Each structure stands twice: as structure tokens, then as C-alpha cells.
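Below you'll find the structure, written out as C-alpha cells, and then a few comments.
The values are calculated or read from the model by the stated rules, or taken from the named source; none is laboratory data. What you see is a predicted model; the values in this text were computed from it and never measured. Note that we place each Cβ from the backbone using ideal geometry, even for glycine, and neighbour counts take in every protein chain shown. Just so you know, the surface numbers come from the protein's heavy atoms only, side chains and all, with ligands and any DNA or RNA stripped out. Shrake-Rupley method; radii C 1.70, N 1.55, O 1.52, S 1.80 Å.
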Number of protein chains: 2
Amino acid sequence: MKLDEAKDKFIQQWGSLGSNWGINRTMAQIHALFLITEELLSAEDVMETLKISRGNANMNIRTLIDWGLVYKEYQSGERKEFFRGEKDIWKVTQRVMRTRQRQELDPMINVLAQLQTVESDKKNKKEVEAFTKQIKSIKSFADLADRSLTKISGSEENWFLKTFMRFMK
Amino acid sequence: MKLDEAKDKFIQQWGSLGSNWGINRTMAQIHALFLITEELLSAEDVMETLKISRGNANMNIRTLIDWGLVYKEYQSGERKEFFRGEKDIWKVTQRVMRTRQRQELDPMINVLAQLQTVESDKKNKKEVEAFTKQIKSIKSFADLADRSLTKISGSEENWFLKTFMRFMK
DNA sequence: CTATACTTTCAGTAATTAATGAAAGTTTGT
DNA sequence: ACAAACTTTCATTAATTACTGAAAGTATAG
């Protein structure tokens with residue numbers, strides 16, 4: 001396979017992976033491009049390579065920066081902004097975990113906490129008990145996931161690999 | 001909060017969580033309904049509770065069965081099918097992991113394997129090396145994730161909790 | 001201060017994804 | 001074998017989500 005073909009294939013596959021996981025295809029493709037590009041890229045470069053509009057490129061690069069997957073850098077002598085992708089796949093994973101934990105797990109946990117107290121009367125006592133029990137069990141699980149993610153996404157790769165490999169044996 | 005209000009809130013929240021993770025809102029809502037319903041439900045029940053069409057209910061219940069999150073059961077004396085949701089949140093997690101591993105991680109790993117061999121000529125030698133190195137590093141990570149998921153999704157909750165809690169300490 | 005080089009926003013539009021419901025298919029009881 | 005009771009499919013329609021591009025906004029150099 002030729003290099004350009006391989007790069008394109010990687011970008012497409014990463015894009016489709018992203019879109020299956022609720023991350024828009026273009027954002028995932030831009031991220032893929034940054035993952036396999038050593039050099040700094042400008043918004044223009046991204047637009048041209050992926051054939052997307054200025055607005056689209058700008059918005060998604062911005063989101064990638066928010067997620068901590070892309071960094072803004074300045075080239076001396078150049079007026080425009082350049083960007084560099086985080087290459088370390090372990091760091092990438094940690095940052096994706098963190099972002100999604102904040103955006104999705106934490107709100108879920110809040111709602112679950114609220115749902116633990118439901119009014120009960122003589123008519124539906126049994127039903128309320130069953131509901132509350134199930135919500136509590138989901139909440140416990142979500143709390144465990146939350147603590148785990150916090151620990152994992154704050155840990156060094158070395159620690160993680162060492163301990164995790166032992167765990168997985 | 002009233003019970004019905006709480007149930008509805010749970011269904012909505014689970015639906016929105018799902019849709020953020022690339023699972024269609026209705027499928028996630030049906031799943032939520034099954035998670036908090038002790039009794040058997042018919043397709044009709046689901047249609048009425050969630051105000052969705054017959055086709056929609058049927059297709060998504062089917063997918064939930066494929067994922068192993070809902071079971072088909074027959075009521076004696078009744079001609080129509082009834083369904084029961086898997087309540088154990090640990091099992092639910094394992095099955096979601098398994099399904100997504102099959103549907104998304106495995107294809108990604110296959111593509112990464114292909115991308116490891118890229119033709120090189122004197123002009124782009126350096127570039128090809130850098131690309132291959134990065135792909136290899138992503139592939140190793142994906143392989144680790146794959147092995148971990150296989151192990152976790154085949155393990156007992158007890159084993160998992162015991163070992164994982166030690167790991168997380 | 002002002003012209004230029006850039007970045008950001010956002011209303012309108014396009015593309016994608018999901019839902020409907022009627023028709024076709026299947027199963028079961030008599 | 002037939003009819004009733006139910007399930008599945010799928011073409012059409014609706015809803016959602018993402019993209020474009022022009023206009024507005026901002027920063028910098030001279």
C-alpha cells in the first residue's frame with residue numbers, strides 16, 4: 001500500500017469509529033490527521049487535506065483543543081495559528097475519558113442521585129421499593145466507574161501498565 | 001418526586017446518554033424501560049409507554065435481544081411474545097462491551113494490521129517510518145484494550161470487583 | 001489609525017439517521 | 001386449509017445532526 005492511501009484509510013477508519021461513538025465524523029477525521037502528522041498544520045492545511053469548509057475546520061479544531069487532543073502553537077514569522085496533535089495514544093485515551101466522564105457520566109450520576117428518593121404511598125409501596133433498589137444499584141456501579149476513570153485518567157502510563165497487567169493476568 | 005415522574009426521568013436520561021454514545025435514542029429508552037420494569041412487557045406495552053410505532057418498537061427490541069440485554073419469554077396461554085430486561089447492571093455492561101468490541105474495535109484492529117506495511121522509496125523513507133511507528137503504537141494499544149475487554153467481559157463480577165478494587169487502591 | 005491577515009460565528013442548507021405505518025410474512029388454533 | 005393474531009420489513013417521511021460560506025469580529029504590522 002502507498003503511504004497516502006494508508007493515511008487516507010486510517011483517517012476514514014478513525015472517522016467511522018468516532019461516528020459510531022457519538023463523535024462527529026469530521027472531528028474524528030481531523031483528529032486522525034493530527035495523529036499521523038508530525039508537522040504543524042494550519043486550519044488551511046486541514047481544510048485542504050480533508051476538503052472541508054473553513055467553518056467546519058475551525059469549529060472542530062477548537063473542540064479538539066478543548067478535549068486536549070490538539071495544541072495551538074505559533075510559528076515565528078507567521079501570523080496565522082498552527083496546530084500540533086497529541087501523539088501519545090495513552091494521553092489521548094485519558095483525555096477522551098476525562099471529557100466524556102465530565103460530559104456524560106457526571107450528569108447521569110446527578111440524575112441517579114435525585115431518583116433515589118421517590119415518594120411512596122400504600123398503593124405502590126412495593127413498586128417504589130423495587131425501583132429505588134434498581135436505581136441504587138445502577139448508581140453504585142456508576143460511582144465505581146466514576147472513581148475508576150478519575151484514577152485512570154490521572155495516572156502515569158507506567159503505573160497503569162504495570163498494575164493493570166498484573167490485574168489482567 | 002412521584003414514581004412515574006422518576007421513571008420517565010430515568011428513561012429520558014438513559015436515552016440521552018445512549019444517543020451521545022452512538023446508540024439511537026429510542027433503543028436506549030426501550031432499554032431503560034426494561035431496566036426498571038420487573039414484569040414482562042409485550043411490544044404493545046413498549047409502544048404505548050414510549051409512544052412509538054410498531055416498527056420502531058420491533059426493530060429496537062430485536063437489537064436489544066441481539067445485544068443480550070433483553071430476553072424473549074412466552075406467557076402460557078398468551079399467543080404474543082413477551083420480553084424481560086436483563087437487570088444486572090454488571091451483565092449489561094459486559095454485553096455492551098462485547099458487542100461494541102465486535103462491531104468497532106475488531107474492525108479497527110484489522111485495518112491497523114493492514115496499515116503496518118506501507119511501501120517505501122528513497123524519497124519518503126523517513127515519513128513512512130514515522131507513520132508505521134505511530135500505527136504500531138496505536139495497534140499495540142488497541143490490542144491491549146481488546147485483550148482486556150475479552151477478559152473483563154468474560155469474568156464474574158466477584159472476581160472483577162475483588163481484583164479491580166485491589167488494582168484501584 | 002487603518003489596512004490586511006487572519007479567526008469565529010451562525011443562518012441557511014445539505015446530509016444523515018431514525019421513525020412511521022401499511023403491507024407482507026409467519027405462526028397457531030380450530 | 002383457513003382465518004385470526006401476531007411479527008417483520010421497508011419505502012416514504014420526519015427529525016436530527018452536521019456543513020457551508022459569507023459576514024462579522026479580532027489582532028497585528030506599519
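Sorted largest first, the principal axis extents computed over the alpha-carbon atoms of the protein assembly as shown equal 78, 44, 37 Å. Note the angle between two axes, namely the Cα long axis of helix A:25-35 and the longest principal axis of the Cα atoms of chain A, as a number of degrees from 0 to 90, rounded to the nearest 10. Approximately 60 degrees, to the nearest 10.
Listed values for the range A:143-155 are Karplus-derived 3J(HN,Hα) couplings in whole Hz (6.51 cos²θ - 1.76 cosθ + 1.60, θ = phi - 60°), namely 5, 4, 4, 4, 5, 4, 4, 4, 5, 5, 7, x, 9, and x replaces Gly and Pro. Measuring how big the range A:89-168 is from its alpha-carbon positions, Rg and Dmax come out at 17.4, 56 Å. Averaged per residue, the protein assembly as shown has 54 square angstrom of accessible surface, using a 1.4 angstrom probe with ligands and nucleic acids left out.
The convex hull around the C-alpha trace of chain B, projected and averaged over every direction, spans 15.0 square nanometres.
Are there residues in the range A:10-40 whose accessible area shrinks by at least 50 Å² when all protein chains are included rather than the chain by itself, and which are they (probe 1.4 Å, ligands and nucleic acids not counted)? Hits at the 50 Å² cut-off: A:Phe10, A:Gln13, A:Asn20, A:Trp21.
The relative contact order of chain B, computed from alpha carbon pairs under 8 Å that lie at least 6 residues apart in sequence, is 15 percent. Each residue of the range B:1-80 gets 96 Å³ once the volume of the Cα convex hull is shared out per residue. Simple spin-label estimate for A:Ser155 and A:Asp66 gives 2.9 nm between the two label positions (7 Å along the Cα-to-Cβ direction from each Cα). For the range A:3-85, with all protein chains in place and a probe radius of 1.4 Å, 47% of the accessible heavy-atom surface sits on carbon or sulfur. Between B:Ile30, B:Leu149, B:Gln134, the Cα set farthest toward the positive side of the dipole of chain B (charges on each charged residue's Cβ, about the Cα centre) is that of B:Gln134. Summarising the amide proton neighbourhood of A:Val70: residues at separation of 5 or more, or on other chains, whose placed amide H is nearer than 5 Å comprise A:Ile65, A:Glu86. Once each part is reduced to its C-alpha centroid, what is the distance from the range A:153-169 to the range B:29-61 in angstrom? Each part reduced to its Cα centre gives a spacing of 41 Å.
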